[in-house]
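Reading through the structure tokens given below for one structure.
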Amino acid sequence: MVRHLLRDDDLNPAEQRQVLELAWRMKEDRFGVHPLAGPRSVAVIFDKPTLRTQLSFTLGVVELGGYPMVVDGNLAQIGVRESIADTARVIGRQAAAIVWRTYDQSRIEEMAQRSGVPVVNALTDQFHPCQVLADLLTVAEQHDGVEGLPGLTLGYLGDGANNMAHSYLLGGATAGMHVRIGTPAGRQPDPAILADAQRIAAVTGGSVLVTDDPAAAVAGADVVATDTWVSMGDQRAADEAEALFGPFRLDAARLAGAAPHAVVLHCLPAYRGKEITDEVIEGPQSVVFDEAENRLHAQKAVLTWLLERAGEG
Ligand code: CP
């Protein structure tokens, strides 16, 4: 059966650990693994803006010995010019895998159903699983390995209904972490995703909490994360976002409520003075540029792991 990474819980706890440990090893031996030698191609498609994701998947596919076939979604117009199903079958005949940044999760699910090759979610409106794998690798580096993740507390501040909050819930629970989402009333996570995270946490020994108290979300946390207040495609006005999320800004005073050893994550791009202050993102607890680099290593591991299971690696 062809495996995909469409949402964070497509990897069970043991599989997530395998991917993270592979990423760790591949970071140490950056040019030593070539499952795409040939070169075989990976279609990397963007319906939305990107810097880090295009950079890291393009370089990552090259480092795996393959050819990254970057497709501009504005030209391809998937689902408009032709159906997702036809597109999936065309690409699946030529590429070893498909990486797609798109809008609704249903689009990437349909691609995966029809492609015949592994499909990787490079961000949808609902999830950003590659980012959270990179984040977990970054946290693991601060705790001497992947085995250090279970039991850690991650406090997230900001929009609880966006893709990063959802992926922290699922990916963090899978890692056995205690995930707290600090978000204003009316921006809570999708209840179905929250319920999935609760089910996973009950198995892994983690936990999930949603609170409208930003101090409670970060109190004693080992990791403090935030994200833009206005996600891609969100039409929310800047002044509306400030009124809604201002109390959830990650500034030095808020960070002081976390554990003294806490590290700060932000998936970038950051809007300094909005969701995070310059002082915090440039401060000694910030690991955001390790996090950005770790997209490369985490995604190379995901592709390698999926290709091995597709009988392609
Ligand atoms: N964090 C992230 O996905 O960055 P880009 O939007 O620049 O790809």
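Bear in mind that the values in this text are calculations on the coordinates, not laboratory data. Being a predicted model, the structure only gives us computed values, none of them experimental. Cβ sites come from the backbone with ideal geometry, for glycine too, and all protein chains shown count toward neighbours.
Which longest uninterrupted range of the chain lacks any trypsin sites (Lys or Arg not before Pro) assigned by DSSP to a loop state (not H, G, I, E or B) and surrounded by at most 15 other Cβ atoms within 10 Å? Could you put the intermediate results ahead of the total?
Numbers: sites that count: Arg30, Arg81, Arg93, Arg236.
Formally, the longest exposed-site-free interval is 94-235.
Of all chymotrypsin sites (Phe, Trp or Tyr not before Pro) in the stretch 1-83, which ones are in loop regions per DSSP and have a Cβ with at most 15 other Cβ atoms within 10 Å? List each step's numbers first, then the result.
Working: sites: Trp24, Phe31, Phe46, Phe57; in loops: Phe31.
Those satisfying the criteria are Phe31.
Calculated [222 nm] ellipticity per residue, helices only, for the chain: -13000 deg cm²/dmol; basis is -39500 (n - 2.57) per DSSP H run with n ≥ 4, divided by all residues, nearest 500. Put the Cα centre of the stretch 1-51 next to the Cα centre of the stretch 182-252 and the gap is 27 Å. Show which lysines lie in cross-link reach of Lys27 when reach means a straight Cα distance below 21 angstrom and same-chain residues fewer than eight apart are skipped. Candidates past the 8-residue exclusion: Lys300.
If you put +1 on each Lys and Arg Cβ and -1 on each Asp and Glu Cβ, how big is the dipole of the stretch 16-87 around its Cα centre, in Debye rounded to 20?
Working: 8 positive and 8 negative charges, 41 e Å.
Result for the stretch 16-87 is approximately 200 debye, rounded to the nearest 20.
Comparing Leu152, Leu137, Leu75 in a Gaussian network model of the chain (Cα springs below 10 Å), the most mobile by mean-square fluctuation is Leu75. Rounded to the nearest 10 degrees, the angle from helix 129-142 to the longest Cα principal axis of the chain is 60 degrees.
For a paramagnetic label modelled at 7 Å from the Cα of Gln94 toward its Cβ, which residues of the stretch 30-50 fall within the zone defined by backbone nitrogen distances under 16 Å? Output list for this probe position: 39-46. Using C-alpha pairs under 8 Å with a sequence gap of at least 6, the mean separation divided by the residue count of the stretch 218-267 gives a relative contact order of 70 percent.
Over the chain, calculate the relative contact order: mean separation of alpha carbon pairs under 8 Å at least 6 apart, over the residue count, as a percent. Working shown, then result.
Numbers: 661 pairs, mean separation 64.3, N = 313.
Relative contact order, the chain: 21 percent.
Distance from the alpha carbon centroid of the stretch 277-313 to that of the stretch 83-100 works out to 25 angstrom. Measure nothing fancy, just the Cα-based angle from helix 52-63's long axis to the longest principal axis of the chain, in degrees from 0 to 90, nearest 10. With rounding to tens, the tilt is 40 degrees.
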